[in-house]
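Novice: Got a structure for you, written out below as structure tokens; questions coming shortly.
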Amino acid sequence: MNERDLVIVGGGPAGMAAAISAYENGIRDILVLERDQFLGGILNQCIHTGFGLEYFDEVLTGPEYADRFEKKIRGISGIEIRLRSFVVDLTENKVITYLMPGKIETVKARALIMATGCREKTREMVHIAGTRPAGIFSAGLAQKLINIEGLLPGKEIVIVGSGDIGLIMARRFILEGAKVKAVIEVQNESRGLLRNMIQCIEDFEVPIYFRHKVSKIIGRDRVEKVEIAELDGGPGGKIISKKVIECDTVLMSVGLIPENELIEMAGVRLDKNTNSPISDETNKTSIPGLFVCGNAFKVYDIVDTVSKDSVEAGRMAAKHLGIKDEG
Amino acid sequence: MKIHDVVIIGGGIIGTSIAREMSRYRIKIALMEKEEELAFGVSKSNSGIIHPGTQNDPSSLKGKLCVRGNAMVREISKELGIDLKEVGELIIAFSEEEKTRLLALKKDADILGVPGTSIVDNVWLKKNEPNLNEAAVAALYAPTAGIISPYRYVYDLAENAACNGVEINVDTEVLDIVRNSKKRDKYRFEIVTSKGTFRANYIINAAGLFADEIASMVGIEDIKISPRKGEEFILDKKKEHLTEHLLFPLPSKKSKGILVTRTSDGNPMIGPTAVDIDDKYDISTSDEGFEEVIRSAQRLMPSINEGDIISYFAGLRPACGDDFIIRYEDDLPGFINVAGIQSPGLTAAPAVAEMVLNILKTKGFRPMRKLFFHKHRKRTIHLFDVTFKETKRLIEKDSEYGDIVCRCEMVSAKEIRDAIKRGASTMDGIKFRTRAQAGRCHGSFCTCRLLEILKEETKKSATDITKRGPGSEIVKGVKGE
Amino acid sequence: MKKKITCIECPVGCSILVDIEDSKIAKISGEKCPKGEKYAISEIENPVREVTSTVRGEGLSLKLVPVRTRGAVPKGRIMDVMEEIRKIKVTKDLKIGEKVSEDLLGLGIDIIATRKADKK
């Protein structure tokens, strides 16, 4: 069987930082598997600024931040990048099966770094009652539709949850001519960064309802309105009042979950609540030589931290392979 | 204008079963479905259970046709190349009193001729259904219960019927039916639809929730469909082995209760509720339904966690009295009503089709059998149910099998294109056929790719692509237009 | 008069207090770095924001090319700037940082690409 020193699954910010760091720490045989046709992962759709201040001491957009790493990784001949490569199976012996257009391949990794990122929580995970018409999107999907595909998901938007992607999408929708009718947040305060509250919500006078939840989605074919309920004291509180807001789109921004189904398949133990690997050390898992970095390990607020921790994962992989620290 | 021998109204499990059964004969058949695609009515929210016949009055049509249908579907699923998983069911008793009721159920099942039923004790249950509530004292075991994908069953029946000459019309709503009184014309009915007028000698009303409205068009007023809502909750596939069998509590008069089952694709499913409502379009779920289902399911299986729920939906049963109505209208020769087909309608469907044909034969309908009936249909390929060895062979044959579109359910671009070629024209149609968007991320990842492929294959613009027909467009605008 | 401002220069989000006397800034406090002071002054005197969006690509590897304003534009002109960006269409190869439009609306602000785009 084809064997490689290090295989990295995921070519987003975490995977790229880990690959470069692994090379810099002495690993010379590295394979990066990325399912998309581009490197960069989710950063490609994050066209807003706010990245890189910590890592590069510069304010960058997502694509610019990704490009810094891509330029570097493309210049290293010891790193092989395979795009449109979709991993479908992983065993505890770190044997990886992946599909590509026209191919199915199997590779055994002496060390493996999983940089698979995270996914968004859905409407179903927070149990919103009502109908299931067109017009319900995760904030990230809406971001991809607008920024990558050039499609406008809707014209009158209600955003559920005040996570950063939701706040950023509020501004994005407004800039593209849509109306953001409300942001509904069950907690007492925003879950997103303060600066996003200012530049995405306050700047555009978007109504934000704290201690409220969407109690029902209404509409037969397309979303027509949402019913919101004010909760006494916030989450879990008694319903004090209800109100209906007309809209054609509901955007879900209620949190992210590490995407760890592959390592779970391999037998790595995951925390039931967070979907993170159970581990007492960042990036490590219950399987020796199998590391997880970036948002797959835990959901980080900013990408700079993802890069930093992923650099660490590259170093750990080198250590696992018995490569002496060159520094 | 073409005259059809038979027009079937309704493209759900009943309409398509009848269509396929009749396509064995040398007759012209047209099927009309008012929704954008087949199975978009009652059938789409069916739980997919092939019932053994254990919970029906032995004298009822429901009971007889269920047992007969259960036997017939085995052959049909082989012919159509569709998975029927024979998992068996357990009706659970939690007390000695309930155990007595199990014995009564078994007696009814024996009268109906349900094969292989037995009463099993708690020792058997502990061994064979380890996650079951330990308080269970006994169960009625029926090995002939199974699961099937209800919509794929409908699509495969329709595809096979079409291959045998049935004309399938979707997005075709019947607006009126006129009796033709002119004797010299060779047809009895004119069917006015949103896509023009059809002429036919026989009409089979299999319109599900709307069977009463169709009947009313020809003056039949004694059929009244009362929608009975059922909310179902789907658990993550990770919990596939939560149950080995389909688990039922003891049935009430109104329903079979809240079950713990699983879909043919391996997701555990809990539900359904049973609430009578007025609105035939109300398929909303409720907080109350959620509470009821979770509470009742946990009674059967205490380890069920609400955090495992990845999806939910509601469907409407087309209830009409206690039993199925399958009736030739002697006052209106050529018209047959097939109404009130709720549970166990999916199981009974082939037997219902057989019965309809037999009734027509007693009423002077004498079709000739075709010399050659294409009874087999080539099995649809799904990467998620083949081995990697087979995947390799497929990819070598067509590289697009290696191009994964839906990450949660492992669906390739090739499968999506095939589904569209076989008739999917909407996002839901693709979901029902291929499972793309049916996983835990709910299409967050694959929606863009699906829109792209639908655009290419159907030559529609992005703003015309819908979730399930006009009015349910996915996006509202294109940048720069 | 006192005015409270939340700094948006970095993820920390310092809460800055600005004392204004006779419509002039008298004192700035609460910022944890010099960026905060600069931001606070700008917020009082002439609030500005960078704008990011996309422009249509034709015959390129990307359907849309992401762009940003080089420098910030007055807050009140954001929607005007968006209107202009919407009209832009690019047909040639682009490198990161390359101009796609110059001196937008006479504001002295260029629009630059933030992702490279190749000809198909």
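Novice: If I ask for residues that are within 14 Å of chain A (Cβ to nearest Cβ) and either of a type in the set (Val, Ile, Thr) or surrounded by 22 or more Cβ atoms within 10 Å (Cβ to Cβ) (or both), which ones from the stretch B:285-303 would you list?
Specialist: Listed by number, the residues that qualify are B:Thr285, B:Gly289, B:Val293, B:Ile294.
Novice: Given the condition part of a strand (DSSP E or B), touching a residue at least 60 places away in the same chain (Cβ under 8 Å), touching a strand residue (DSSP E or B) at 6+ places or on another chain (Cβ under 8 Å) and charged (D, E, K, R), answer yes or no: does some residue in the stretch B:305-328 qualify?
Specialist: Checked the stretch B:305-328: at least one residue is part of a strand (DSSP E or B), touching a residue at least 60 places away in the same chain (Cβ under 8 Å), touching a strand residue (DSSP E or B) at 6+ places or on another chain (Cβ under 8 Å) and charged (D, E, K, R).
Novice: Which residue, of A:Ile157, A:Ile168, is open to solvent by 10 Å² or more (accessible area, probe 1.4 Å) and more than 8 Å from every other protein chain (Cβ to nearest Cβ)?
Specialist: Within the list A:Ile157, A:Ile168, the selection yields A:Ile168.
Novice: Quick one: would you say B:Lys126 is outside any loop (DSSP other than H, G, I, E, B) and open to solvent by 10 Å² or more (accessible area, probe 1.4 Å)?
Specialist: Against the criterion (outside any loop (DSSP other than H, G, I, E, B) and open to solvent by 10 Å² or more (accessible area, probe 1.4 Å)), B:Lys126 qualifies.
Novice: Let me confirm something: among B:Ile191, B:Ile203, B:Ile214, which residue is in contact with a Phe, Trp or Tyr (Cβ under 7 Å, 6 or more places away or on another chain) and either in a loop (DSSP other than H, G, I, E, B) or closer than 18 Å to B:Gly340 by Cα (or both)?
Specialist: B:Ile203
Novice: Just one of C:Glu45, C:Glu58, C:Glu37, C:Glu9 is open to solvent by 50 Å² or more (accessible area, probe 1.4 Å), modelled with pLDDT under 95 and in contact with a helix residue (DSSP H, G or I) (Cβ under 6 Å, 6 or more places away or on another chain); which is it?
Specialist: Exactly one of C:Glu45, C:Glu58, C:Glu37, C:Glu9 is open to solvent by 50 Å² or more (accessible area, probe 1.4 Å), modelled with pLDDT under 95 and in contact with a helix residue (DSSP H, G or I) (Cβ under 6 Å, 6 or more places away or on another chain), namely C:Glu9.
Novice: Taking strands (runs of 3 or more DSSP E) that do not extend beyond the stretch C:1-86, which have at least 3 residues that are without any contact (Cβ under 8 Å) to a residue 60 or more places away in the chain and within 12 Å of another protein chain (Cβ to nearest Cβ)?
Specialist: It comes to C:2-6, C:52-57, C:64-69.
Novice: Quick check on this structure: which one of C:Glu84, C:Glu102 is in contact with a Leu (Cβ under 8 Å, 6 or more places away or on another chain) and farther than 17 Å from A:Gln199 by Cα?
Specialist: Result: C:Glu84 is the single residue among C:Glu84, C:Glu102 that is in contact with a Leu (Cβ under 8 Å, 6 or more places away or on another chain) and farther than 17 Å from A:Gln199 by Cα.
Novice: Moving on to the next point. Test each condition in (1) assigned by TED's automatic domain parsing to the domain that holds A:Ile128; (2) of a type in the set (D, E, K, R); (3) assigned to a helix (DSSP H, G or I) for A:Glu264 and report the one that comes out false.
Specialist: So the condition that A:Glu264 fails would be (1).
Novice: What pairs come up if the first residue lies in the stretch B:7-18 and is closer than 7 Å to B:Ala206 by Cα, the second is outside any helix (DSSP H, G or I) and among the acidic types (Asp, Glu), and their beta carbons are under 7 Å apart, counting only those six or more places apart or on different chains?
Specialist: Note: pairs meeting the criteria are B:Gly10/B:Glu33.
Novice: Of everything in the stretch B:82-120, what is touching a helix residue (DSSP H, G or I) at 6+ places or on another chain (Cβ under 7 Å) and open to solvent by less than 50 Å² (accessible area, probe 1.4 Å)? Give them in sequence order.
Specialist: Of everything in the stretch B:82-120, those that are touching a helix residue (DSSP H, G or I) at 6+ places or on another chain (Cβ under 7 Å) and open to solvent by less than 50 Å² (accessible area, probe 1.4 Å) turn out to be B:Ile82, B:Leu84, B:Ile91, B:Ile92, B:Ala93, B:Leu112, B:Gly113, B:Val114, B:Thr117.
Novice: Inspect the stretch B:30-43 for any residue being on the phi < 0 side of the Ramachandran plot, charged (D, E, K, R), at pLDDT below 95 and out of contact with any strand residue (DSSP E or B) (no Cβ under 8 Å at 6 or more places or on another chain) and give the result as yes or no.
Specialist: no
Novice: Identify all residues within the stretch B:362-395 that are hydrophobic (A, V, I, L, M, F, W, C), within 14 Å of another protein chain (Cβ to nearest Cβ) and touching a residue at least 60 places away in the same chain (Cβ under 8 Å); write none if there are none.
Specialist: Matches in the stretch B:362-395: B:Phe384 only.
Novice: I need the full set of residues from the stretch B:189-201 which are open to solvent by 20 Å² or more (accessible area, probe 1.4 Å) and within 15 Å of B:Ile29 (Cβ to Cβ), in order please.
Specialist: Hits for the stretch B:189-201 are B:Phe198, B:Arg199, B:Asn201.
Novice: Given A:Gly267, A:Gly192, A:Gly294, which one is within 14 Å of chain C (Cβ to nearest Cβ) and more than 18 Å from A:His127 (Cα to Cα)?
Specialist: A:Gly192
Novice: Separate question: Hey, A:Gln45 hits all of (1) open to solvent by 40 Å² or more (accessible area, probe 1.4 Å); (2) at the interface with another protein chain (Cβ under 10 Å from one of its Cβ atoms); (3) within 18 Å of the chain's Cα centre (by Cα); (4) not β-branched (Val, Ile, Thr) but one; which does it fall short on?
Specialist: (1)
Novice: I'm told B:Leu454 meets every condition in (1) more than 10 Å from every other protein chain (Cβ to nearest Cβ); (2) part of a loop (DSSP other than H, G, I, E, B); (3) in contact (Cβ under 8 Å) with a residue 24 or more places away in the chain except one. Can you identify the failing condition by its number?
Specialist: With (1) more than 10 Å from every other protein chain (Cβ to nearest Cβ); (2) part of a loop (DSSP other than H, G, I, E, B); (3) in contact (Cβ under 8 Å) with a residue 24 or more places away in the chain applied to B:Leu454, the lone miss is (2).
Novice: So B:Ile359 passes all but one of these: (1) touching a residue at least 40 places away in the same chain (Cβ under 8 Å); (2) open to solvent by less than 50 Å² (accessible area, probe 1.4 Å). Which condition number does it fail?
Specialist: (1)
Novice: Sticking with this structure for a sec: Go through the residues of the stretch A:22-40 one by one and say whether even a single one is assigned to a helix (DSSP H, G or I), facing chain C (nearest Cβ under 9 Å) and open to solvent by less than 60 Å² (accessible area, probe 1.4 Å).
Specialist: Looking for residues that are assigned to a helix (DSSP H, G or I), facing chain C (nearest Cβ under 9 Å) and open to solvent by less than 60 Å² (accessible area, probe 1.4 Å), one finds none in the stretch A:22-40, hence no.
For every residue, the table says whether it meets (1) in contact (Cβ under 8 Å) with a residue 40 or more places away in the chain; (2) over 30 Å from B:Gly423 (Cβ atoms); (3) out of contact with any Lys or Arg (no Cβ under 8 Å at 6 or more places or on another chain); (4) surrounded by fewer than 22 Cβ atoms within 10 Å (Cβ to Cβ).
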| residue | (1), (2), (3), (4) |
| --- | --- |
| B:Ala138 | yes, yes, no, no |
| B:Tyr151 | yes, no, no, no |
| B:Leu157 | yes, no, no, no |
| B:Asp176 | yes, no, yes, yes |
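Novice: Follow-up. Which residue is farthest from the other protein chains (Cβ to nearest Cβ), if the candidates are limited to the stretch B:429-446 and must be assigned to a helix (DSSP H, G or I) and open to solvent by 10 Å² or more (accessible area, probe 1.4 Å)?
Specialist: Checked the stretch B:429-446; the qualifying residue farthest from the other protein chains (Cβ to nearest Cβ) is B:Arg433.
Novice: For residues in the stretch A:63-78 being open to solvent by less than 10 Å² (accessible area, probe 1.4 Å) and out of contact with any Ser or Thr (no Cβ under 8 Å at 6 or more places or on another chain), which is farthest from A:Arg35 (Cα to Cα)?
Specialist: A:Tyr65
Novice: Given the residues B:Lys238, B:Lys224, B:Lys256, which is the only one that is farther than 21 Å from B:Leu360 by Cβ and exposed (fewer than 15 other Cβ atoms within 10 Å of the Cβ)?
Specialist: After applying the criteria, what remains is B:Lys224.
Novice: For the stretch B:37-59, give me each residue that is surrounded by fewer than 24 Cβ atoms within 10 Å (Cβ to Cβ) and more than 16 Å from the chain's Cα centre (by Cα).
Specialist: Once the filter is applied, which keeps residues that are surrounded by fewer than 24 Cβ atoms within 10 Å (Cβ to Cβ) and more than 16 Å from the chain's Cα centre (by Cα), the stretch B:37-59 yields B:Asp57, B:Pro58, B:Ser59.
Novice: Out of all the residues in the stretch A:121-154, which are within 7 Å of chain B (Cβ to nearest Cβ), open to solvent by 10 Å² or more (accessible area, probe 1.4 Å), in contact with a Gly (Cβ under 8 Å, 6 or more places away or on another chain) and assigned to a loop (DSSP other than H, G, I, E, B)?
Specialist: Within the stretch A:121-154, A:Thr131 is the sole residue that qualifies.
The values are calculated or read from the model by the stated rules, or taken from the named source; none is laboratory data. Given the structure is predicted, the values throughout are model-derived calculations rather than measurements. Here the Cβ is made from the backbone with ideal geometry for all residues, glycine too, and neighbour counts use every protein chain on show. All accessible areas refer to the heavy atoms of the entire protein, side chains included, with ligands and DNA or RNA removed. Shrake-Rupley method; radii C 1.70, N 1.55, O 1.52, S 1.80 Å.
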